[in-house]
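Notes for the one structure printed next.
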Amino acid sequence: MTESQRRGPRWAEAERNDRALLRAARQVLAADGEHASVAAIAAAAGVGIGSLYRRYRTKEELFQRLAELSLDSWNQAAERGLAEDDPWEGLASFIVTCAESGQGALAPIAGTIEVTEEMQAKSDRSDELLAALVERAHRAGVLRPDVTAVDISLLIEQFGRSPALDQLRKQGREDLTEAAAAAHKRVLAIAVDGLRTCHPRPLPGDPPTGRLFTERWAQEAGRSRRTSP
């Protein structure tokens with residue numbers, strides 16, 4: 001007997017609704033950004049607003065939970081990357097996994113929600129894991145020396161969604177969505193390959209700093225907390 005069977009049908013239904021809400025919240029955020037509404041999220045999940053508020057007292061609480069889960073996925077992907085024997089394969093698989101799973105999709109809500117202690121702890125862990133992936137790749141000579149961990153985070157954020165695919169889905173063009181998804185994978189592979197040391201041309205400008213994340217997620221001037229789901 002499963003855990004849901006032991007707890008009964010109401011608990012199982014609540015779990016299904018919660019998964020649907022979190023999935024819908026990510027989709028609506030990708031489409032509407034910081035203007036994503038509770039009504040749109042509930043409608044996309046196929047549940048009533050009352051069901052949403054029974055699970056999450058506020059929209060902020062829903063987004064905080066989404067951020068925690070996103071950070072969990074990021075950290076799990078990084079740990080799998082570090083477990084790879086090949087430093088390049090470990091880093092590349094981490095980037096592709098995060099981009100294809102939509103990591104970075106929560107960027108539009110940066111600065112609009114409070115960063116909880118749990119979010120901050122998971123974010124700190126994500127910094128440590130990504131730094132280890134980058135350092136290992138640099139030591140092995142497979143990652144171009146002017147690429148930083150922040151560069152990697154920004155690349156994942158940029159490829160965490162496909163504007164063309166989003167547009168086609170809104171248009172209901174199911175005949176083109178598969179081709180758009182394949183094209184996104186192709187362009188992502190081109191971008192990841194550009195991280196290799198075989199490219200002699202230096203990257204333009206100075207490397208970005210962590211302030212791009214710190215100050216985007218701070219709700220008040222001077223707050224130094226950061227998270228980057």
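Observations
- Accessible surface of segment 33-78, 1.4 Å probe, proportion on carbon and sulfur as whole %: 48 percent
- For segment 1-116: rounded, prolate or oblate by the Cα gyration tensor [a/c cutoff 1.5]: oblate
- Global geometry of segment 88-137, whether rounded, prolate or oblate, following the gyration tensor of its Cα atoms and the 1.5 cut on a/c: oblate
- Shape class for segment 81-229: oblate, because the ratio a/c of the largest to smallest gyration tensor axis (alpha-carbon atoms, square roots of eigenvalues) is 1.5 or more and b/c is at least a/b.
- Crossing angle, helix 59-83 versus the chain [Cα axis fit, 0-90 degrees, rounded to tens]: 40 degrees
- Accessible area expressed per residue, segment 8-106, with surrounding protein chains retained (probe 1.4 Å, Å²): 48 Å²
- Here is the list for segment 151-223: GluC sites (Glu not before Pro) lying in DSSP coil, each with at most 10 other C-beta atoms within 10 angstrom of its C-beta, are GLU220.
The values are calculated or read from the model by the stated rules, or taken from the named source; none is laboratory data. Keep in mind that what you see is a predicted model, and the values were worked out from it rather than measured. Positions of Cβ are generated from backbone atoms using ideal geometry, with glycine treated the same way; all protein chains shown enter the neighbour counts. For accessibility, only protein heavy atoms count, side chains too; no ligands or nucleic acids. Shrake-Rupley method; radii C 1.70, N 1.55, O 1.52, S 1.80 Å.
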